[in-house]
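Student: Let me begin by handing over the structure; questions about it come next.
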Amino acid sequence: MSDIKNFDILFPNSGVDISQSEGTSTNSNKATEGMSFSEILESTLTDVDALQHDSRESVQRALSGDSSVDIADTMIALQKADASLKMTLEVRNKLLAAYQELIKTQI
């Protein structure tokens, strides 16, 4: 069975383990240090897309009867992809709400 470890939902492929950086904000920001907002957004969307692709591929292999596929790993991949997509949608919703609030602002 695979090991389940904590992962940073915003940057799942960044290699930053949030279980070690709890309580300190400087460790979690090292993955994005020196990056512009658009670079962070692009990197995050690429990671989310990669998780979606990996989970889809894992499900297809499991459904085709590949004996090397562990169903637990497939379910974990699906959950990671689902969680990252939900987080991405929430971030999008917050950005849209902030933009709409700015539009309402009178100069």
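What follows draws every value from the coordinates through simple rules; no lab data is involved. Here the structure is a predicted model, which means the values were calculated and not measured. Note that each Cβ is placed from the backbone with ideal geometry, even for glycine, and that neighbours are counted across all protein chains shown.
Student: Sort 90-101, 56-67 by packing, meaning the average of other beta carbons within 10 Å per residue, with the highest value first. Write down the numbers at each step before the final one.
Tutor: Working: 90-101: 10.2, 56-67: 12.3.
The peptides rank, most packed first, as 56-67, 90-101.
Student: Considering every pair of different Cα atoms, what Kirkwood radius, in Å, is found for the stretch 25-104?
Tutor: So the Kirkwood estimate lands at 14.9 Å.
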